[in-house]
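K.L.:
Before I ask anything, let me first share the structure, which is written out below as structure tokens.
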Amino acid sequence: MTTEKTASAEPAPSSRSRSGRAPARRRGWLTFLRDVLVIVLIAVLVSFLVKTFLVRSFYIPSGSMEDTLHINDRILVDEITPRFGGYERGDIVVFRDPGGWLPPSTEPARPPAVEAVEWVLSLVGLSAPDSDDHLVKRVIGLPGDHVVCCNALGQITINGVPIDETDYIKLPSDGSAASGDPFDVVVPADSLWVLGDNRYRSKDSRYNQDQPGEGFVPVDNVVGRAFLVTWPFDRFGSLDFHHDDFAGVPEPAQEEPAR
């Protein structure tokens, strides 16, 4: 006994239904790409706002802050906290060249495409193209402070009180003074006196007293306070400001008003 094979009850798809699926797929991809583009733009905008008003990234091009910071370390700089609380002795700050501290740049101009990529990466914090135009040092003197180097023990004094910096400065030998060059300054208003932790390898306030700013850094030039090493990973961690080493420093003496 034989049986007959019955044909499928489902109708074959028409050419109209097949042609209708292609535009739907295209619309799906376009929607997906639109959403990705919106997400990327929002991320770039948020990163730009964070970089502009909150946190910036810099790399360390020299050894002037060793052993606190090493060459090619990448750091984050807090821009907002100092604006409300000011700076303290011991803070590590990044600032724009006050004038004459850095030599003129001799790097050749880069192709526009490279500059464009660098600019985009800087928006999201993956590049720090202006690091070579900035300096990083430790705050030693605040406005009004009388900073002198050195006493009989080779220590810097601030407002007559010696500070013990052995926790963080790098010296050529144990018996070396905190500075190889003597100085005696009073920090003017709205300015800072800054030194590198690698005292005998740092071109800081001491070595720029012949410049128009006389070695002082205007507070307006300060980008912010460095607080974190982010690269390399084996050095990841917060920076120590050693505020305790300056705890005994009195406030600068105030001049008596004329009578």
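K.L.:
Under 5 Å between amide H atoms, partner at least 5 residues away or on a different chain: which partners does Gly224 have, H built in plane at 1.01 Å?
P.N.:
Distant-sequence amide H within range of Gly224: Val94.
K.L.:
Can you list residues from other chains, or at least 5 along the same chain, whose modelled amide H is less than 5 Å from the amide H of Lys170?
P.N.:
Those lying under 5 Å, H to H, from Lys170 are Asp67, Asn198, Arg199.
K.L.:
Follow-up. If I model a spin label at Leu33 and Asp244 as a point 7 Å from the Cα along the Cα→Cβ vector, what separation in nanometres do I get?
P.N.:
That separation, rounded to one decimal, is 6.0 nm.
K.L.:
Report the extension gain between Thr81 and Ala189 in nm, rounded to one decimal, defined as 0.36 nm multiplied by the number of residues separating them, less their alpha carbon distance.
P.N.:
Details: separation 108, 0.36 × 108 = 38.88 nm, distance 2.01 nm.
Taking 0.36 nm per residue and subtracting the Cα distance, the gain is 36.9 nm.
K.L.:
Give a residue-ordered list of calculated ³J(HN,Hα) values for the stretch 192-209 (Karplus: 6.51 cos²θ - 1.76 cosθ + 1.60, θ = phi - 60°; whole Hz; x for Gly, Pro).
P.N.:
Karplus values, whole Hz, x for Gly and Pro: 9, 10, 10, 9, x, 5, 8, 4, 9, 9, 10, 8, 10, 4, 4, 9, 10, 6.
K.L.:
What order do you get for 133-141, 161-169 when each peptide is scored by the mean count of other beta carbon atoms within 10 Å, highest first? Kindly include the intermediate steps, with their values, before the conclusion.
P.N.:
Numbers: 133-141: 22.8, 161-169: 16.1.
Final packing ranking: 133-141, 161-169.
K.L.:
Under the Karplus relation 6.51 cos²θ - 1.76 cosθ + 1.60, θ = phi - 60°, what is the ordered set of whole-Hz ³J(HN,Hα) values for the stretch 228-240, x standing for Gly and Pro?
P.N.:
8, 8, 9, 8, x, 4, 6, 10, 4, x, 6, 8, 9
K.L.:
Could you compute the net charge surrounding Leu153? Neighbours are other residues with a C-beta less than 14 Å from the C-beta of Leu153; K and R count +1, D and E count -1.
P.N.:
Values: positive: none; negative: Asp164, Glu165, Asp174.
Combined, the nearby Lys, Arg, Asp and Glu give -3.
K.L.:
Hey, another quick one. Explain nothing, just compute: Karplus ³J(HN,Hα) = 6.51 cos²θ - 1.76 cosθ + 1.60, θ = phi - 60°, for every residue of the stretch 78-88 in order, whole Hz, x for Gly and Pro.
P.N.:
7, 8, 8, 4, x, 5, 9, x, x, 10, 10
K.L.:
Would you grab the residues whose amide H sits under 5 Å from the one on Ser191? Only those 5+ places off in sequence or on another chain, please, with H modelled 1.01 Å from N.
P.N.:
Val219
K.L.:
Separation between the Glu251 and Asp234 pseudo-spin-labels, each 7 Å from Cα along Cα→Cβ, expressed in nm?
P.N.:
4.7 nm
Readers should treat all values here as calculations from the given coordinates under stated rules, not as data from a laboratory. Since the model is a prediction, treat every value here as computed from it, not as a measurement. All Cβ positions, glycine included, derive from the backbone under ideal geometry; neighbour counts span all protein chains shown.
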